[in-house]
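Undergrad: This is the structure I have questions about; it appears just below.
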Amino acid sequence: MIRCYVTDRRQGDIVNCARRAVNEAVDMIQVREKDLAAANLFDLVCTIRDVARGTKTRVLVNDRVDIALAAAVDGVHLPSNGLPADRVRPLVKVLGMSVHALHEAIAAESAGADFIVFGPIFDTPGKTAVGLDPLYQVVRAVKIPVLAIGGMTTERIPQILATGAAGIAGIRLFQG
């Protein structure tokens, strides 16, 4: 199962959470701090890169190819309304994309994404769930790994994996 920790500094100390995620052998850390100034984001990404150095955990930056390249991390994760994936693909080793509909998942695969994050599967404080059936449909429609996001808990992981999803992405799941 693929596991991705998505950062949110409003939820706690990102660097400590990143250390915990690396110690738990999380596959990826997506640094998703949309409102940080470029210099601050660069410093944070470099710190997390250093925490993950020498482990299997890959570091991706949300929607900031420039920061990912400058910090020499593994890749970029594009939001559904982000940069064109086919333009980013040649620049990075790992390309992930967030999608919220079947047609977006198919387009992400066609554009060269290595994996997609689909959701929210369950309700979150800020978003309404799409549910397990659309996740199942997306998993069946694409050949790349699909990670579920949104309301992830340890108890829900078996339901997610039963759809054929490759794993999960989450914020609060990796906080404590």
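The values are calculated or read from the model by the stated rules, or taken from the named source; none is laboratory data. Please read all numbers here as calculations on a predicted model, not as lab measurements. Neighbour counts run over all protein chains shown; Cβ positions are idealised from the backbone, glycine included. These area figures cover heavy atoms from the full protein model, side chains too; ligands, DNA and RNA do not enter into them. Shrake-Rupley method; radii C 1.70, N 1.55, O 1.52, S 1.80 Å.
Undergrad: Please work out if ASP27 is under 27 Å from PRO125 (Cβ atoms), buried (at least 16 other Cβ atoms within 10 Å of the Cβ) and in contact (Cβ under 8 Å) with a residue 40 or more places away in the chain.
TA: For ASP27, the condition - under 27 Å from PRO125 (Cβ atoms), buried (at least 16 other Cβ atoms within 10 Å of the Cβ) and in contact (Cβ under 8 Å) with a residue 40 or more places away in the chain - is met.
Undergrad: To continue, here is another question. Does the stretch 44-72 hold any residues that are polar (S, T, N, Q), under 20 Å from ILE171 (Cα atoms) and either open to solvent by 20 Å² or more (accessible area, probe 1.4 Å) or not in a loop (DSSP other than H, G, I, E, B) (or both), and which are they?
TA: THR47, ASN62
Undergrad: Is there any pair linking a residue in the stretch 110-123 that is surrounded by fewer than 20 Cβ atoms within 10 Å (Cβ to Cβ) to one that is among the acidic types (Asp, Glu), with Cβ under 7 Å and at least six apart or on different chains, and which?
TA: Going by the 7 Å Cβ cut-off, the qualifying pairs are ALA111/ASP86; GLY112/ASP86.
Undergrad: In addition: For a quick check of your reading of the model, give me the residue pairs whose first member lies in the stretch 138-159 and is without any contact (Cβ under 8 Å) to a residue 40 or more places away in the chain and on the phi < 0 side of the Ramachandran plot, whose second is part of a loop (DSSP other than H, G, I, E, B) and surrounded by fewer than 17 Cβ atoms within 10 Å (Cβ to Cβ), with beta-carbon atoms closer than 6 Å and at least 6 apart or on different chains.
TA: Pairs that qualify, where the first residue is without any contact (Cβ under 8 Å) to a residue 40 or more places away in the chain and on the phi < 0 side of the Ramachandran plot and the partner is part of a loop (DSSP other than H, G, I, E, B) and surrounded by fewer than 17 Cβ atoms within 10 Å (Cβ to Cβ), are VAL139/GLY164.
Undergrad: Turning to a different aspect of this structure: Report, by residue number, each residue of the stretch 73-86 that is more than 19 Å from ALA107 (Cβ to Cβ) and buried (at least 21 other Cβ atoms within 10 Å of the Cβ).
TA: Passing the criteria: only VAL73.
Undergrad: Taking the stretch 10-21 only, how many residues are open to solvent by 20 Å² or more (accessible area, probe 1.4 Å) and either touching a helix residue (DSSP H, G or I) at 6+ places or on another chain (Cβ under 8 Å) or not in a helix (DSSP H, G or I) (or both)?
TA: Summing the residues that are open to solvent by 20 Å² or more (accessible area, probe 1.4 Å) and either touching a helix residue (DSSP H, G or I) at 6+ places or on another chain (Cβ under 8 Å) or not in a helix (DSSP H, G or I) (or both) in the stretch 10-21 gives 6.
Undergrad: Please work out which residue is modelled with the lowest pLDDT, limiting yourself to the stretch 82-131 and to residues that are over 18 Å from ARG32 (Cα atoms) and among the β-branched types (Val, Ile, Thr).
TA: THR128
Undergrad: What residue, among those in the stretch 124-160 that are of a type in the set (A, V, I, L, M) and part of a loop (DSSP other than H, G, I, E, B), is most open to solvent (accessible area, probe 1.4 Å)?
TA: VAL130
Undergrad: Here is a list: ASP86, ASP114, ASP74. Which entry is within 14 Å of the chain's Cα centre (by Cα) and over 22 Å from ILE160 (Cβ atoms)?
TA: Result: ASP74 is the single residue among ASP86, ASP114, ASP74 that is within 14 Å of the chain's Cα centre (by Cα) and over 22 Å from ILE160 (Cβ atoms).
Undergrad: State all residues of the stretch 30-43 that are within 20 Å of LEU69 (Cβ to Cβ), open to solvent by 40 Å² or more (accessible area, probe 1.4 Å) and either out of contact with any His (no Cβ under 9 Å at 6 or more places or on another chain) or β-branched (Val, Ile, Thr) (or both); if no residue qualifies, say none.
TA: Residues satisfying the conditions are LYS34, ALA37, ALA38, ALA39, ASN40, PHE42, ASP43.
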